[in-house]
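Q: Just dropping this structure here.
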Amino acid sequence: MRFLVTRGYDTRFAIAATVTPTAPAPAGLAGDPLRDDGGALGSGTTWATRALRSLAGVFVVTWSFLLSGYLTFATWLAIPVVLLGLTGLTVIVTAWLPDSVLDSRRQHQIGWVALGAVIVALALWSYFQVFIAPDYGTDEVAFDQYAAQLALHGINPYLRSMAPAFPLFHVSPNGYTFQLNGQPVTTLSYPALSFEAYLPMLALGMTTQAAVWTDVAAWALGIVILYAVLPRSIAPLALVVASVDIYIGYAVGGVTDALFVPLLIGAAVSWDRFAWTRGPMAWRGPILMGLAMAVKQTPWLVAPFVVAGIVIESRHRNGGRRALRDGLRYAVIAVTAFLLPNLPYLIGAPTAWLRGVLTPLSAASVPAGQGLISLSLSLTLGGGSLRAYNVAAAVILVAIFACYVVSYPALKSTAFLLPSLALFFAARSFGSYLVMLIPAALAAAATTRRPQGIGPWRHWIWVAASGAAAGIAAVAIAVTAASPLTVSIQSVHTTGQLATVQEVTLAVTNNTGSSVRPAFTVEDGTTMTAFWLQQQGPEILGPHQRADYTIVAPSYFAMPSIQNGFQVLAFLRSPASVSRTSTYLASTWRVILQPDTVPGTVTVGQQITVQAMLVNRLDQQMRVANVPVYLGQVIYAQQGLQYSQAVINNGLPGQTPVEAHTNAAGVATFTIHSPVAETDPVYFEANLVNPTLFYPYGYSPILTVRFGA
């Protein structure tokens, strides 16, 4: 959720712009229209503040819903589930009490209680996420914990391959970062604090899920800091941010950006007062900024905006020479704080360290994410030049920075978020790049002041127009660069009842005048699988040649569902590009059985009638005649699959599957009886079959029938 925060001359802000009535309020509505009930509730607290407190209470209640799903694992969870629900409802009720009953200080204290409840709920929820799926979900968290374990034994992780981390932490190949040639990245790719943050827990002997719990703790700490630094009127916003699905999913799912969140929030608080602050408080901002930069590369992009803002404000007060000194002082402190955690590795192996921290820029990794690149991954827009996307991101970053400087202080409150706008256009624009700067941006917007006497440069509009034109041109080049390959799916081979695709045959045409070496993978929704193995087809495809390729899934995890559809992506390292097939979807039809349950026991010889109806994805009946439907039977016994002896449509005992055709209403009818009693129930399932490639699809829900004497 996104909230706009107004700027004022102190640190008290509301979530809505102040409205000044231009005419007397009607009778019964006296007072500020944004304040509660003309004083009927007693105070001056805005409706927006009360609504935000209520929203925080709603999120506390939702935590009880999240935890209730794990009551079968731990019945004692009923206690926190009940307490969370009661706490959330209480927060909502107290939010609307008049200030004469609960003033803002008491409301803030209630917010602390609610925040504590959210953090406890986060810890419990994270535990059960780990309990259910203990494998590490990303290579970055596995690399960082493995690097920390190496560092704990005095080994420089920048000199070692991170490949052993994959089996050590059971990372699925779908969680690897792949290069354009299909090979995974196996070098440590982040500054040293990204793994040094895990050293305290490892030193205590706590190795199991050490990285995950450290990330969760960092996220919780960041939210506590955010609640503490926000003005009371919008402090409940911290509870909302703490509970948003994407953030808690990242914290427990192996996205290590959570480590820099508390550091960057601390750096954001009142960052604009650095030039005239002395003592330890003056060092807080740049030190925390440097430490955040020592975790991951994303904060690197924020630092220039902060330094530029400090220089502009100091120049207005103290002149140009002093302003440059202030900006340089901030930068030196931040760089020093950045280098300190990295110093042992920078001195020991400077080339390896530099290669590691620059890997995200130099590794030629596959494009991915939710930004502009999704147009080339999912649609036939661009893809011919992945470098063009990164150039567009760089151009837009420079344009945004120029607009920030010449229009200062108009964009001052967004200084910590503007880099995310540029990252949206990069070839790798993951959701974490787009949202993990928001907590710090909120802290910055709410604690900085609008400077007096500083106005935008009189020609700022020309800079903005030039930047917009350059950005539009760069984006246009990226989304119009034609893909070098034409790729189409010719046939698929499925796993049958498992309903996944294990083999795909492609027709590939090289539209360029150079030989290319394609590498293939599958995209299922927003998930890009591990690269598929080429079973047939030339390794090198010549200029303007066409060839058929047969590719097979490297593992079960890489097999897309036949029900949901998928597309194949073809990557080239030279030129760095992506080509794609159109979406392959087996059909929008499926089968449902009526009745869907057979209660009780069906006696031997008793006949039941089951109708198989064709429906679409919206469960609308498809009135299509003469479509073959296949009904199969099997016994899922404790020792494994067993043949059953039921008779379908007067066939042989145990015959499976049995074919029947739909009538004009799109319904196929099956009669079933059993000549013998079965100890275990018989499971019936209907499906359709592709008429040309002959793979099954559209499986019905399973119908369970018990045959007894």
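Q: How much space per residue, in cubic angstrom, does the convex hull of the C-alpha atoms of region 418-473 take up? Write down the numbers at each step before the final one.
A: Details: hull volume 4.3 nm³, N = 56.
Expressed per residue, the convex hull around the Cα atoms of region 418-473 is 76 Å³.
Q: Compare the peptides 591-597, 637-643, 217-223 by average per-residue count of other Cβ atoms within 10 angstrom and give them in order, highest first. Could you put the intermediate results ahead of the total?
A: Details: 591-597: 14.7, 637-643: 9.4, 217-223: 23.0.
Averaged packing, sorted descending, gives the order 217-223, 591-597, 637-643.
Q: Tell me the volume per residue, in Å³, of the convex hull enclosing the alpha carbons of region 301-417.
A: Values: hull volume 16.7 nm³, N = 117.
About 143 Å³ per residue, rounded to a whole number.
Q: Skip the ligands, DNA and RNA, and give the accessible area per residue of region 61-119 with a 1.4 Å probe, whole Å².
A: Numbers: 3130 Å² over 59 residues.
Using a 1.4 Å probe on heavy atoms only, each residue of region 61-119 averages 53 Å².
Q: Report the net charge of residues surrounding Gly453, where surrounding means a beta-carbon distance below 11 angstrom and charges are Lys +1, Arg +1, Asp -1, Glu -1. Let's see the in-between values first.
A: Working: positive: Arg317, Arg450; negative: Glu313.
Around Gly453, the charge tally is +1.
Q: To continue, here is another question. Quickly work out the Gln535-to-Thr90 label distance, labels modelled 7 Å from Cα along the C-beta direction, and quote it in nm with one decimal.
A: Between Thr90 and Gln535, the simple spin-label model gives 6.2 nm.
Q: Given the options Asn342, Ile635, Ser577, identify the residue whose Cα lies farthest towards the positive end of the charge dipole of the chain (+1 on Cβ of Lys, Arg; -1 on Cβ of Asp, Glu).
A: Asn342
Q: Another question about this same structure. If you take the alpha carbon radius of gyration of the chain and divide it by 2.2 N^0.38 Å, what ratio comes out, to two decimals? Kindly include the intermediate steps, with their values, before the conclusion.
A: Details: Rg = 30.6 Å, N = 709, 2.2 N^0.38 = 26.6 Å.
The value comes to 1.15.
Q: Quick check: the angle from helix 78-95's long axis to the longest principal axis of the chain, C-alpha only, nearest 10 degrees?
A: 50 degrees
Q: Summing +1 for each Lys or Arg and -1 for each Asp or Glu, what net charge is found among the other residues whose Cβ lies under 14 Å from the Cβ of Gly320?
A: Working: positive: Arg315, Arg317, Arg321, Arg322, Arg325; negative: Glu313, Asp326.
Combined, the nearby Lys, Arg, Asp and Glu give +3.
Q: Still on this structure: Could you sort 134-141, 88-95 so that the peptide with the highest average Cβ count within 10 Å comes first and the rest follow in order? Intermediate values should be presented prior to the final figure.
A: Details: 134-141: 21.5, 88-95: 18.9.
Averaged packing, sorted descending, gives the order 134-141, 88-95.
Q: What does the convex hull of the alpha-carbon atoms of region 118-181 project to on average, in nm²? Show your work: numbers first, answer last.
A: Working: hull surface 24.3 nm².
Taking the Cα atoms of region 118-181, their convex hull projects to 6.1 nm² on average.
Q: Something else: Grab the Cα-Cα distance for Gln563 and Arg321, subtract it from 0.36 nm times how many residues apart they are, and report the gain in nm with one decimal. Each step should come with its number before you reach the end.
A: Numbers: separation 242, 0.36 × 242 = 87.12 nm, distance 6.62 nm.
Contour length minus the Cα-Cα distance gives 80.5 nm.
Q: Based on the Kirkwood radius over alpha-carbon pairs, what is the Stokes-Einstein translational diffusion coefficient of region 256-341 at 25 °C with 0.890 mPa s viscosity, in µm²/s?
A: On the way: Rh = 12.7 Å.
It diffuses with D of about 194 µm²/s by this estimate.
Q: Using a Förster distance of 45 Å, how high is the FRET efficiency between Gln497 and Ala48, based on the Cβ-Cβ distance and rounded to 0.05? Before the final figure, lay out each step's value.
A: Working: r = 55 Å, r/R0 = 1.22.
Efficiency, rounded to the nearest 0.05: 0.25.
Q: A further question follows. Once every DSSP H run of n ≥ 4 in the chain is given -39500 (n - 2.57) and the sum is divided by its residues, what mean residue ellipticity at 222 nm do you get, rounded to the nearest 500 deg cm²/dmol?
A: Working: 22 runs with 279 residues, N = 709.
Mean residue ellipticity, 222 nm, calculated: -12500 deg cm²/dmol.
Q: Post the alpha-carbon centroid distance, region 256-325 to region 528-579, in whole angstrom.
A: With region 256-325 and region 528-579 each reduced to a Cα centre, they are spaced 46 Å.
Q: Moving on. How large is Rg over Rh for region 85-227, taking Rg from the Cα atoms and Rh as the Kirkwood inverse mean of 1/r across Cα pairs?
A: Numbers: Rg = 20.5 Å, Rh = 17.8 Å.
A ratio of 1.15.
Q: Can you pull the percent of the chain's accessible area that's carbon plus sulfur, 1.4 Å probe, other chains left in place?
A: C and S atoms contribute 63 percent here.
Q: Pop a pseudo-label 7 angstrom from the Cα along the beta-carbon direction at both Arg517 and Tyr683 and give the gap in nm to one decimal.
A: My value for the distance between the label points is 4.5 nm.
Q: So, one more: For region 632-709, which semi-axes, largest first and in whole Å, follow from the square roots of 5 times the eigenvalues of its Cα gyration tensor?
A: Details: eigenvalues 112, 46, 23 Å².
Rounded to whole Å, the semi-axes are 24, 15, 11.
Q: Assuming R0 = 22 Å, what is the FRET efficiency of Gln638 and Thr72, from their Cβ-Cβ distance, to the nearest 0.05? Each step should come with its number before you reach the end.
A: Details: r = 21 Å, r/R0 = 0.96.
Efficiency, from the Cβ-Cβ distance: 0.55.
Q: Report the full-extension gain for the segment Thr414 to Gln370: residue separation times 0.36 nm, less the Cα-Cα distance, to one decimal in nm.
A: Numbers: separation 44, 0.36 × 44 = 15.84 nm, distance 2.13 nm.
Going from the current span to full extension adds 13.7 nm.
Q: May I ask you to give the solvent-accessible area per residue for region 241-380, in square angstrom, as obtained with a 1.4 angstrom probe? Please list the in-between numbers first.
A: On the way: 5490 Å² over 140 residues.
Ligands and nucleic acids excluded, the result is 39 Å² per residue.
Q: If only Cα atoms are counted, what is the Rg of region 315-366, and what is its Dmax, in Å?
A: 16.6, 48
Q: Name the shape class, rounded, prolate or oblate, that the alpha-carbon gyration tensor gives for region 298-341, where a ≥ b ≥ c are the square roots of its eigenvalues, rounded holds for a/c under 1.5, and otherwise prolate holds if a/b is larger than b/c and oblate otherwise. Kindly include the intermediate steps, with their values, before the conclusion.
A: Working: a/c = 4.51, a/b = 1.82, b/c = 2.47.
Cα axes put region 298-341 in the oblate bin.
Q: Moving to a separate point now. Averaging the inverse of every distinct alpha carbon separation and then flipping it gives the Kirkwood radius. What is it for region 419-576, in angstrom units?
A: Values: mean 1/r = 0.0509 Å⁻¹.
With all distinct Cα pairs of region 419-576 included, I get 19.6 Å.
Q: Let me ask you something else. Starting from 0.36 nm per residue, how many nanometres of slack lie between Leu693 and Ala203 once their C-alpha separation is accounted for?
A: On the way: separation 490, 0.36 × 490 = 176.40 nm, distance 5.74 nm.
Between Leu693 and Ala203, full extension yields an extra 170.7 nm.
Q: So, for region 565-709, what is the accessible surface per residue at a probe of 1.4 Å, expressed in square angstrom?
A: Working: 6980 Å² over 145 residues.
Per residue, region 565-709 has an accessible area of 48 Å².
Q: What's the ranking of 254-264, 554-564 by average number of surrounding C-beta atoms within 10 Å, highest first? Spell out each step's value before the answer.
A: Details: 254-264: 26.8, 554-564: 17.1.
Result, highest mean first: 254-264, 554-564.
Q: Could you work out the mean projected area of the convex hull around the alpha carbons of region 557-635, in square nanometres to one decimal? Mind showing how you got there, number by number?
A: Numbers: hull surface 37.7 nm².
The directionally averaged projection comes out at 9.4 nm².
Q: Right, here's the next one. Hey, rough spin-label estimate for Thr527 and Ser587, points 7 angstrom out along Cα→Cβ, what's it come to in nanometres?
A: With each label placed 7 Å out from Cα toward Cβ, I get 2.5 nm.
The values are calculated or read from the model by the stated rules, or taken from the named source; none is laboratory data. Since we're looking at a predicted model, the values are computed, not measured. Neighbour counts are summed over all protein chains in view; Cβ atoms, including those assigned to glycine, are modelled from backbone coordinates with ideal geometry. Quick note on the areas: whole protein, heavy atoms, side chains included, nothing else; ligands and nucleic acids left out. Shrake-Rupley method; radii C 1.70, N 1.55, O 1.52, S 1.80 Å.
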